[in-house]
Amino acid sequence: MSRIAELFGRKSSRVLNVYCTAGFPALESTLPVMQALQQHGADLIELGMPYSDPLADGPVIQASSMKALENGMTIAVLLGQLKEMRKTVQVPVVLMGYMNPVLQYGFERFCKEASEAGVDGLILPDLPAYEFETEYGAVIKKYGLDFIFLVTPETSDERILALDKLSSGFLYAVSSSSTTGKDKNMADQETYFNKLKQMQLKNPVLIGFGIKDKATFTAASSYANGAIIGTAYIKALEQANGNVAQPTQQFLESILQ
Amino acid sequence: MGTTTFQQPDTQGYYGPFGGAYIPEMLHRNVEELRSRYLDIMQEAGFQKEFQQLLRDYVGRPTPLFLAERLSKHYNTPVYLKREDLNHTGAHKINNAIGQVLLAQRLGKKRIIAETGAGQHGVATATVCALKGIECIVYMGSKDIERQAPNVARMRMLGATVIPATSGSQTLKDATNEAIRDWINNPTDTHYVIGSVVGPHPYPDMVARFQSVISEETRAQLKEQTGKELPTRVIACVGGGSNAAGAFYHFLDEPSVELVAVEAAGHGVYSGLSAATTQLGKPGVLHGSKSLVMQTEDGQVVEPHSISAGLDYPGIGPLHAHLFNSGRGSFLSATDDDAVQAAFLLCKLEGIIPALESSHALAALTQLKLQPNEATVLCLSGRGDKDLATYMKRLD
Ligand SMILES: Cc1ncc(COP(=O)(O)O)c(C=O)c1O
């Protein structure tokens, strides 16, 4: 059983997935951030692989990507850092990024090395379902990685079912049609969330985009198995001047306690 | 695929190995709506009537095919200029802007967004939106806003809102990113008018079709003027590749016609300050399609350089990547200096001030082996008014 499946087997509500850009705020922050997130209650970690042109991201995550690139983060550096990860990090880890850097690294080589380092799944928002089915899905499966598709309030029911079928690990429900970090009112999306709940999807569902504090985390968790926080955590790290343990603790306590 | 057509991508939008729709799910509904409807709408009689009428009465089409006699004498070969510079707003960009805005209206969209580099596509889109009374928002890199002040003023006069793209390198690729992000955040009422044959399927095919009027007219005009069915070659500059796609379109599947695409070499292809994507790029994904992309070893998109803002793009449309890869197209490049020289030559010999982009196509004439009994068509994609500041610096 994959680490992600094992997590959801054990815990099916209020699952907290926290996003951080790898190499942010400093090149060597990646592991300390992951250790702090695990220690203070994150159930799952989503590591962003920085890219020069992150289409789906709002200004805060964009800025963290630029900073990480300036710090020298690359896929090669990241996979090097992650080799040591499983000595200290037990929670499932998902890599999120865009196709171009992964293609340059070599798709299969990337999957192989990520899997060897103990990565559990991938989120590549600009990998389309057609190319997944015809080309890349088999490679991802070969290395035992989960692949997580996104759905949005604009995704048709038929397509939600299809994307759920292609996904493993969990399904990523984007809370509103937006880039990351936009404040849109979650209550407006109640019909969509309730629909997802009724659809008897194969995968657990985590809601992401716009989850930023205890109230939004709790609201999202009432509709799904849990939620994903990104922008708000990046902001907390931005203000922390390099120290990651203390702001991570403070941030997670503000959400979980 | 073998010997099938170069004109048509496959059902997934692939030209050979290039194309597709590499988009996040947040864009899926809009892109899918467009994909499922663009061909039907473009074939509607009402659409065609309005489109053709505007091309004729508003844009001023057909544009002339002009035998440039003194230029021909200079190169000892007949050179025909396809005068897209004579279009309203001064470039070929308006052909596509009209097509897409009419299409957006039929999709029920109330809000138009666009990206622009030099400002030509932004001006064309703002123009058509003014004509149709539709809200228009143009994203432009904050560096380009500084470099292209007159076009920024034009867009504002035409009623468009110009929003600076302050992310990344603050030029065309970032303006494109911002426009895409706007579309993600406005999923129902907005149409994104992409300015070249780039972006996710169906954009490359749709924009090529709207620009194909260039070669449709050329073919008829050449026949009428010379009796020849086909030219020996067609030359066009390539940024994203829309004027080239339009100029090549009706010759793509005529193997005897040499298709010459000219990229911007900046200070020299290997100078580190260049925009020659086929020479420097590797296969990758940019702005929703798989194509050739200028990038670092780590897959980060690099900032290109060209004296001409319209060619200053680190990618190239998937059709052109396929033309390059398959050998169907000849890809040349011209440096900043080559282009400026070619522009001054055209001014002196023909009394035409070309856009800096088009000057790259003109510069290719010095690199080709041209024969007296041939017919070379060159797409003069735009006029040089917008480039006067640059030209003035080079006038000794
Ligand atoms: C006059 C002119 N020619 C060419 C281009 C390059 O675009 P494309 O390669 O799509 O024709 C531009 C772009 O701004 C332009 O203004």
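Residue-wise test of (1) out of contact with any helix residue (DSSP H, G or I) (no Cβ under 8 Å at 6 or more places or on another chain); (2) under 28 Å from residue B:295 (Cβ atoms).
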| site | (1), (2) |
| --- | --- |
| A:9 | yes, no |
| A:12 | yes, no |
| A:19 | no, yes |
| A:23 | no, yes |
| A:27 | no, yes |
| A:31 | no, yes |
| A:36 | no, no |
| A:51 | no, yes |
| A:60 | no, yes |
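If the condition is being more than 9 Å from the ligand (Cβ to nearest atom) and not in a helix (DSSP H, G or I), then the range B:369-396 contributes B:369, B:370, B:371, B:372, B:373, B:374, B:375, B:376, B:377, B:378, B:395, B:396. Criterion applied to B:389, B:375, B:343 was being modelled with pLDDT under 95 and either in the same structural domain as residue B:142 (by TED's automatic domain parsing) or not charged (D, E, K, R) (or both), and the one residue passing it is B:389.
The range B:113-226 holds helices (runs of 4 or more DSSP H) entirely within its bounds, and those carrying 2 or more residues that are at pLDDT below 95 and buried (at least 24 other Cβ atoms within 10 Å of the Cβ) map to B:172-185. Check whether at least one residue in the range A:127-134 is within 11 Å of chain B (Cβ to nearest Cβ), surrounded by fewer than 24 Cβ atoms within 10 Å (Cβ to Cβ) and among the hydroxyl-bearing types (Ser, Thr, Tyr), and report yes or no. Yes, that holds for at least one residue. None of B:6, B:51 is farther than 20 Å from residue B:195 by Cα, more than 14 Å from every other protein chain (Cβ to nearest Cβ) and hydrophobic (A, V, I, L, M, F, W, C) except B:6. Confirm whether residue A:91 is within 14 Å of chain B (Cβ to nearest Cβ), closer than 22 Å to residue A:220 by Cβ and surrounded by fewer than 24 Cβ atoms within 10 Å (Cβ to Cβ). Here the answer is no, as residue A:91 does not meet what is asked.
Check the range B:191-210 and report whether any residue there is of a type in the set (Phe, Trp, Tyr), within 16 Å of the ligand (Cβ to nearest atom) and either away from chain A (no Cβ under 13 Å) or in contact with a Lys or Arg (Cβ under 7 Å, 6 or more places away or on another chain) (or both). Checking the range B:191-210: at least one residue is of a type in the set (Phe, Trp, Tyr), within 16 Å of the ligand (Cβ to nearest atom) and either away from chain A (no Cβ under 13 Å) or in contact with a Lys or Arg (Cβ under 7 Å, 6 or more places away or on another chain) (or both). Which of the residues belonging to the range A:168-206 are in contact with a helix residue (DSSP H, G or I) (Cβ under 6 Å, 6 or more places away or on another chain) and in contact (Cβ under 8 Å) with a residue 60 or more places away in the chain? Across the range A:168-206, the qualifying residues are A:169, A:178, A:179, A:180, A:181, A:204. Residue B:323: within 25 Å of residue A:127 (Cα to Cα) and crowded, with 24+ Cβ neighbours inside 10 Å, yes or no? Taking the combined requirement at face value, the residue satisfies it.
If you go through the range B:270-294 and pick out every residue that is assigned to a loop (DSSP other than H, G, I, E, B) and surrounded by 18 or more Cβ atoms within 10 Å (Cβ to Cβ), you end up with 7.
Going residue by residue through the range B:44-58, is there one that turns out to be outside any strand (DSSP E or B), within 16 Å of the ligand (Cβ to nearest atom) and either farther than 27 Å from residue B:237 by Cα or modelled with pLDDT of 95 or more (or both)? No, the conditions are met nowhere in the range B:44-58.
With respect to (1) under 30 Å from residue B:314 (Cβ atoms); (2) surrounded by fewer than 20 Cβ atoms within 10 Å (Cβ to Cβ), the lone exception for residue A:78 is condition (2). Number of residues in the range B:348-360 that are out of contact with any Gly (no Cβ under 6 Å at 6 or more places or on another chain) and within 16 Å of the ligand (Cβ to nearest atom): the value is 4. Here residue A:123 meets the list (1) within 25 Å of residue B:23 (Cβ to Cβ); (2) more than 14 Å from chain B (Cβ to nearest Cβ); (3) in contact with a strand residue (DSSP E or B) (Cβ under 6 Å, 6 or more places away or on another chain) almost entirely, failing just condition (2).
Determine if the range B:131-138 includes at least one residue that is more than 16 Å from the ligand (Cβ to nearest atom), among the basic types (Lys, Arg), more than 14 Å from chain A (Cβ to nearest Cβ) and within 24 Å of residue B:85 (Cα to Cα). Looking for residues that are more than 16 Å from the ligand (Cβ to nearest atom), among the basic types (Lys, Arg), more than 14 Å from chain A (Cβ to nearest Cβ) and within 24 Å of residue B:85 (Cα to Cα), one finds at least one in the range B:131-138, hence yes.
Residue by residue, here is whether (1) away from the ligand (no atom under 16 Å from the Cβ); (2) free of Cβ contacts under 8 Å to residues at least 40 places away in the same chain; (3) within 30 Å of residue B:228 (Cβ to Cβ) holds:
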| site | (1), (2), (3) |
| --- | --- |
| B:74 | yes, no, yes |
| B:78 | yes, no, yes |
| B:85 | no, no, yes |
| B:106 | yes, no, no |
| B:122 | no, no, no |
| B:125 | no, no, no |
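Among the residues of the range A:67-88, the ones that are within 21 Å of residue A:236 (Cβ to Cβ), within 12 Å of chain B (Cβ to nearest Cβ) and either at pLDDT below 95 or not in a helix (DSSP H, G or I) (or both) come to 1 in all. Note on the range A:19-59: residues that are closer than 30 Å to residue B:180 by Cα and in a loop (DSSP other than H, G, I, E, B) total 15.
Considering each residue of the range B:66-88, count those that are surrounded by 21 or more Cβ atoms within 10 Å (Cβ to Cβ) and assigned to a strand (DSSP E or B), and give that number. Counting residues in the range B:66-88 that are surrounded by 21 or more Cβ atoms within 10 Å (Cβ to Cβ) and assigned to a strand (DSSP E or B) gives 4. Scanning the range B:227-256 for residues that are more than 15 Å from the ligand (Cβ to nearest atom) and part of a loop (DSSP other than H, G, I, E, B) gives B:227, B:228, B:229, B:230, B:231, B:232, B:252, B:253, B:254, B:255, B:256. Between B:22, B:15, B:38, the distinction of being within 17 Å of residue B:249 (Cα to Cα), modelled with pLDDT of 95 or more and among the hydroxyl-bearing types (Ser, Thr, Tyr) belongs to B:15 only.
Have a look at B:11, B:77 and point out the one that is among the hydroxyl-bearing types (Ser, Thr, Tyr), outside the structural domain of residue B:124 (by TED's automatic domain parsing) and under 30 Å from residue A:177 (Cα atoms). Unique residue meeting the criteria: B:11.
The set of residues from the range B:96-127 being over 20 Å from residue B:382 (Cα atoms) and among the polar types (S, T, N, Q) comprises just one member, B:105. A search for C-beta distances below 6 Å between a residue of the range A:141-167 that is within 13 Å of another protein chain (Cβ to nearest Cβ) and any residue that is of a type in the set (Gly, Ala, Ser) and assigned to a strand (DSSP E or B), counting only pairs 6+ apart in sequence or on different chains, returns A:148/A:121; A:151/A:173. Of the residues making up the range B:295-327, just one is under 22 Å from residue B:236 (Cα atoms), assigned to a loop (DSSP other than H, G, I, E, B) and within 11 Å of chain A (Cβ to nearest Cβ), namely B:314.
The values are calculated or read from the model by the stated rules, or taken from the named source; none is laboratory data. Nothing here was measured: the structure is a model prediction, and the numbers come from that model. As a convention, Cβ positions derive from the backbone with ideal geometry for all residues, glycine included, and neighbour counts pool all protein chains shown.
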